[in-house]
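The values are calculated or read from the model by the stated rules, or taken from the named source; none is laboratory data. From a predicted model like this one, the values you see are computed outputs, not experimental measurements. Note that each Cβ is placed from the backbone with ideal geometry, even for glycine, and that neighbours are counted across all protein chains shown. Ligands, DNA and RNA are stripped out before the accessible areas are found, and what is left, the full protein with its side chains, is counted by its heavy atoms. Shrake-Rupley method; radii C 1.70, N 1.55, O 1.52, S 1.80 Å.
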Amino acid sequence: MTPSAAGFVAIEAGRIAQVGAAVPSGLQAAHEIDGEGALLTPGLIDCHTHLVYAGNRAREFELRLQGASYEEIARAGGGIRSTVRLTREADEPSLEAASAQRLRELMRHGVTTVEIKSGYGLSLDAELKCLRVARRLAERHAVDVRTTLLAAHALPPEFEGRADAYIDEIAGRILPEAARLGLADAVDAFCDTIGFTPAQTRRVFEAAHALGLPVKLHAEQLSNQHGAALAAEFGALSADHLEHVDEAGVAAMARAGTVAVLLPGAYYFLRDATPPPIALLRRHGVPMALATDCNPGTSPTTHLPLMLNMACTLFRMTAAEALLGVTRHAARALGLQASRGTIEAGKQADLCLWAVDHPAELAYAIGASPLRRRFHHGREQLP
Ligand code: NIG
Ligand code: FE
């Protein structure tokens, strides 16, 4: 990725009106901003987060340090279920306050669009509560939010031993109600040994499609369930994690135009040893996005630029691929490629100025935050 040495961007009514090397002589601007040599990028897009939750899982982190595995903790009733307990108990204002703090951190790192999943409610009321909080966060902050219903994240305790009945509840009640209220922009599921089977995932996807909602999938994170191919069959926007995906899954994603969302924070925090097959994804031309996966169990971070560094060091992605992963390809992972992700006329004027000379510096620094200025819909908005 070669940055252009100089250039201008004209913004009108929150959209990019013109982009070029030199300001045309006839252009009349009501207001001019000098970039002062800073690097201009599209606003960053965090296309996979579980931002709305209560509490934290520092205690489980300590258990894992003593040798317990993520799966063992989950099977013993901890893991996602422990966050579900706290999230169900939390009233809406305190859930919103805790989530808003994380959202502002994301914004301070240049995020202008964020995807937020439910998935710590796991009942009709609690899932709707989480999605309402996500929508309210968007109303109260200078950031765009896309919501994803992830009721099929884990089996709630009241459905113990009755996973298929919980899938009935999702397909027959939770999903239609979330759709009716306009609270879900997409539907996701966790297809894995500690999540749901491919057959159960298929039923969730069928219900989503019947309601006209696009799907995404937590696929091949801990084992190969052939979830990527299943997601591709449903024309999924993205298949996410993918550490254990095989070539057939990658090829199916390529054919369907499904984006690979890679989550180096979770890989790092779980000390996974199998990185996603980057060479295979490249060979098949599958677009690779990067996201924080911000959640209390596997990726307690709001630092999207740090994910660029991790993707390069841990997955051997190039710095240019990493930046595309949080801009162009992240937009596509949300179905927002027509309006976001690149600096082009007609797109939303979501832009960041960074105190760096070259884009590679964004991936090179460990934990820095060189964001200088941030524009959302053409307005300067620093959280
Ligand atoms: O993306 N894998 C499933 N879901 C989350 C983790 C959720 C949790 O542990 O609370 C993830 O890694
Ligand atoms: Fe996730």
TODO: Would you give the gap between the C-alpha center of the stretch 16-60 and the C-alpha center of the stretch 132-150, rounded to a whole Å?
DONE: 18
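Quick check on the stretch 146-197: what does the Kirkwood estimate of hydrodynamic radius come out to from the alpha carbon pairs, in Å?
Numbers: mean 1/r = 0.0875 Å⁻¹.
About 11.4 Å, per the Kirkwood formula over Cα pairs.
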Open item on the list: Could you tell me how far the Cα centroid of the stretch 321-346 sits from the Cα centroid of the stretch 201-232, in Å?
Closed with: 22
Open item on the list: Under 5 Å between amide hydrogens, which residues at least 5 positions from Val215 or on another chain qualify, with H placed 1.01 Å from N in the peptide plane?
Closed with: Val187, Leu237
TODO: Work out from phi, with θ = phi - 60° and the Karplus expression 6.51 cos²θ - 1.76 cosθ + 1.60, the ³J(HN,Hα) of each residue of the stretch 231-238, listed in order in whole Hz, and give x for Gly and Pro.
DONE: 4, 4, 4, 9, x, 4, 4, 8
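How do Tyr267, Tyr166 rank by accessible surface area computed with a 1.4 Å probe, from largest to smallest?
Details: Tyr267 25, Tyr166 0 Å².
Accessible-area ranking of Tyr267, Tyr166, largest first: Tyr267, Tyr166.
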- [ ] Express in whole angstrom the spacing between the alpha-carbon centres of the stretch 68-83 and the stretch 234-296.
- [x] 23
TODO: May I ask you to give the percent of accessible area on the chain that is carbon plus sulfur, with a probe radius of 1.4 Å?
DONE: 51
Task: Qualifying trypsin sites (Lys or Arg not before Pro) for the stretch 294-334 [loop in DSSP, other Cβ within 10 Å: at most 13] - done: Arg316
- [ ] State the extension gain, in nm to one decimal, for the chain segment bounded by Glu206 and Arg135, taking 0.36 nm per residue of separation less the distance between their alpha-carbons.
- [x] 23.1 nm
- [ ] Determine which lysines satisfy two conditions relative to Lys347: a Cα distance under 23 Å, and not lying fewer than 8 residues away in the same chain.
- [x] none
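For the stretch 1-107, go through all pairs of different Cα atoms, get the mean of 1/r, take its inverse, and jot down that Kirkwood value in Å.
On the way: mean 1/r = 0.0534 Å⁻¹.
Here the Kirkwood hydrodynamic radius works out to 18.7 Å.
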TODO: Translational diffusion coefficient, Stokes-Einstein: compute it for the chain using the Kirkwood radius over C-alpha pairs as Rh, at 37 °C and 0.692 mPa s, and state it as an integer in µm² s⁻¹.
DONE: 157
- [ ] Using the heavy atoms of the protein chains and a 1.4 angstrom probe, tell me the accessible area per residue for the chain in square angstrom.
- [x] 40
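Sum -39500 (n - 2.57) across every DSSP H segment of at least 4 residues in the chain, then divide by the residue count to get the 222 nm mean residue ellipticity, nearest 500.
Working: 16 runs with 143 residues, N = 383.
About -10500 deg cm²/dmol.
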- [ ] Could you list the trypsin sites (Lys or Arg not before Pro) in the stretch 150-253 that lie in coil according to DSSP, counting only those with at most 15 other Cβ atoms within 10 Å of their Cβ?
- [x] Arg162
TODO: Would you please classify the overall shape of the stretch 275-350 from the alpha carbon gyration tensor, given that a ≥ b ≥ c denote the square roots of the eigenvalues, rounded means a/c under 1.5, and beyond that prolate means a/b larger than b/c while oblate covers the rest?
DONE: oblate
Task: Eligible lysines near Lys216 by straight Cα distance, threshold 22 Å, same-chain separation 8 or greater - done: Lys117, Lys129
- [ ] Convert each backbone phi in the stretch 28-39 into a coupling constant with the Karplus relation 6.51 cos²θ - 1.76 cosθ + 1.60 (shift: θ = phi - 60°), then list the ³J(HN,Hα) values in order as whole Hz, x for Gly and Pro.
- [x] 9, 10, 6, 8, 10, 10, 8, x, 6, x, 6, 7
